[in-house]
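Notes to accompany the following structure.
The values are calculated or read from the model by the stated rules, or taken from the named source; none is laboratory data. Since the model is a prediction, treat every value here as computed from it, not as a measurement. Virtual Cβ from ideal backbone geometry, glycine too; neighbours counted across all protein chains shown. Accessible surface is based on the protein model in full, side chains and every heavy atom, while ligands, DNA and RNA are left aside. Shrake-Rupley method; radii C 1.70, N 1.55, O 1.52, S 1.80 Å.
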Amino acid sequence: MSVRRRALLSVSDKTGIVELGRALAERSWEILSTGGTARVLREADLPVTDVARATGHPEMMDGRVKTLHPAVHSGLLARRDRADDMAALDRHGYRAIDLLAVNLYPFRETVAGGDVAVGEAMEQVDIGGPAMIRAAAKSHRDVWVAVDPADYQRLVDALDNTGSGEDGNSLRRELATKVFRHVSDYDAAIAAYLESSQDTSAGDATRQTEFGERLALSLHRRQVLRYGENPDQAAAFYSYPGEGAGLASLKQLQGKELSYNNYLDLDGALFCLGPFAHSQRPAVCIVKHTTPCGLAVGDVLLEAYQSALATDPLSAFGSVIALNRPLDGATAEAMSELFIECVVAPEFDSEALAVLGKKKNLRLLAYGTDAEHFLAEHGHQRHGFSYRSVYGGMLAQTAPEWPLYGEEGTTWTTVTQRSPEAQELDDLRFAWAAVFGVKSNAIVLARAGATLGIGAGQMSRVDSSRLAVQKAADRGLSLEGSVLASDAFFPFRDGIDAAAAAGVRAIVQPGGSVRDEEVIGAADEHAIAMLFTGRRVFRH
């Protein structure tokens, strides 16, 4: 007579647990459980044996001690192919546990909001759960273990195939691997919290610091890419666990798989579009090699697109285009005349999909209608940090705060004899929001809500100024009455002189140079209005 198989179910996240319990009961498994999980199963009319009955020991200390018992751990760790292990179980009156479904106390969710007292956080540190799933994973040849509700159905399907053979063994190994990653991530989150917290009153209050002594990132592979920046480089895309955030949450509607460079340009495009998340006007950003070659706002989306494209249509070939409004048919029709790699927008109407659907390789990606939330969160990684890899390590910094279009900011100061006129001030606000997404050294020339010339990535600021002027000249765009935004201070007056010669009438820059007086004097000589923001916005 075969021995009835046993499962232990004890979960914080109750998703799918009733369905798993029912599937096991239908297959004549005995179900052990604890606390809230046992209550949920009983409410579903499923037969449940309390773990306390199996151990012969009651739960203690509000459930702090309930599964830390030899009846549980010997049942998980006993090697079925070792007669001495099985004899030891019999000698002590214990039985094997053949399946374990456990997920841990929600520590990360508890501390995610910040300002959580150490005492409160420590109550969410699971002890018995990690011990059990580690034991089950160690014995995965004999014990099925699941920490993710998404795996429950796969596990049940495998049980129906008796769990033998290559498929069953592969799944057992996969689930065990998931356990050790799960425990590692969990412990890393606890350590990171403790490193960034300091008791200030008997363990109840905490003081948060910016950076812990160690940095632990847990990323899931989303996609293996055909290659990296170049064909001789392998590449993959990783994101945070769960549903994903930022680029991982984009819904691709059509087109080829995204490439490594596509992801970089999408990141740059959405970064550039961020300052226009709250804009009352449609905005379009055209990006090439992670920096904008055209950016504009308009009364309608088509106008914004046409103005952005006019800045540098040659560079727009093979670009990524980001919009802060749903793409309509008229704008899609205009876009169809240009070779584009990707279009990312809140959504696409049926006419736009019909127009761009003719370009099968064009990648269309939607980020949902909550544009303000998506764009406001883009670039803000876990703990509010942004990261960059460098040779042999990683740099971390707090995520930048976007200069929102339409907001002047309390730190702006007019430092010249002439103040900007109303239209100039609006253009300065636009230019300051636009320069935020341009690679340093960054110069943006703008007028009437559109870029006219962009100078990016040059080794000197005056070269960036000259490049921006040249870009406008190449397109036959007049700079008379335009404004200029610089992402950092002008170290010398030569940049101001070059801007004046081109027709610039107002400038916005951070200020802070030892030669500010010389720069201000140059602006006064040319009757240019100049504002200092008091904030540098390098994008290195």
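MET61 to HIS278: FRET efficiency via 1/(1 + (r/R0)^6), r the Cβ-Cβ distance, R0 45 Å, to the nearest 0.05?
Efficiency, from the Cβ-Cβ distance: 0.35.
Considering only DSSP beta bridges whose two residues both sit in the chain, what percent are antiparallel, to the nearest 5?
55
Residue separation times 0.36 nm, minus the C-alpha to C-alpha distance between GLU518 and LYS256: what's the value?
Using 0.36 nm per residue and subtracting the Cα-Cα distance, I get 89.0 nm.
Restrict the search to region 125-187; then list the trypsin sites (Lys or Arg not before Pro) that DSSP places in a loop and that have at most 14 other Cβ atoms within 10 Å of their Cβ.
Filter output for region 125-187: ARG141.
At 0.36 nm per residue, minus the direct Cα-Cα distance, what do PHE211 and ALA235 gain on full extension? Give it in nm, one decimal, please.
Working it through step by step, the gained length comes to 5.8 nm.
For region 274-367, which GluC sites (Glu not before Pro) pass both filters: DSSP loop (anything but H, G, I, E, B) and at most 11 other C-beta atoms within 10 Å?
For GluC sites (Glu not before Pro) across region 274-367 that sit outside H, G, I, E and B with at most 11 neighbouring Cβ atoms in 10 Å, the list reads GLU337.
I need the GluC sites (Glu not before Pro) found in region 445-540, filtered to DSSP loop residues with at most 14 other beta carbons within 10 Å of theirs.
Here the GluC sites (Glu not before Pro) that fit, given the DSSP loop and packing criteria, are GLU480.
What's the longest bit of the chain with no exposed chymotrypsin sites (Phe, Trp or Tyr not before Pro), using DSSP loop states and at most 14 other Cβ atoms within 10 Å as the test?
So the longest stretch without any such site is 1-210.
Local charge sum around GLN252 (other residues, Cβ-Cβ under 12 Å, Lys/Arg +1, Asp/Glu -1)?
+3
P(r) for region 258-356, please, calculated from all Cα pair distances in 10 Å bins and given in %.
18, 55, 26, 0
Between GLU401 and THR369, what FRET efficiency follows from the Cβ-Cβ distance if R0 is 22 Å, with the result rounded to 0.05?
Computed FRET efficiency for GLU401 and THR369: 0.40.
Ignoring ligands, DNA and RNA, what percent of the 1.4 Å accessible area of region 418-540 is carbon and sulfur?
Looking at region 418-540 in its full context, I get 51 percent from C and S.
Counting heavy atoms of the protein chains only and a 1.4 Å probe, report the per residue accessible area for region 1-89 as a whole number of Å².
In whole numbers, region 1-89 has 54 Å² accessible per residue.
Quick one: how many lysine pairs does the chain have with C-alpha atoms less than 14 Å apart and a gap of 8 or more or different chains? Give me the count, please.
5
Summing -39500 (n - 2.57) over the DSSP H runs of n ≥ 4 in the chain and dividing by its residue number, what mean residue ellipticity at 222 nm do you reach, to the nearest 500 deg cm²/dmol?
Calculated mean residue ellipticity at 222 nm is -11000 deg cm²/dmol.
Can you figure out the FRET efficiency of ARG221 with LEU68, using R₀ = 51 Å and their beta-carbon distance, to the nearest 0.05?
Efficiency, from the Cβ-Cβ distance: 0.90.
Sorted by accessible area (1.4 Å probe), largest first, how do ASP474, ASP497 line up?
Ranking ASP474, ASP497 by accessible area, largest first, yields ASP474, ASP497.
Tell me the accessible surface of MET335 in square angstrom (1.4 angstrom probe, heavy atoms of protein chains only), to the nearest ten.
0
I'd like the accessible area for ASP81: 1.4 Å probe, protein heavy atoms, all chains in place, Å² to the nearest 10.
110
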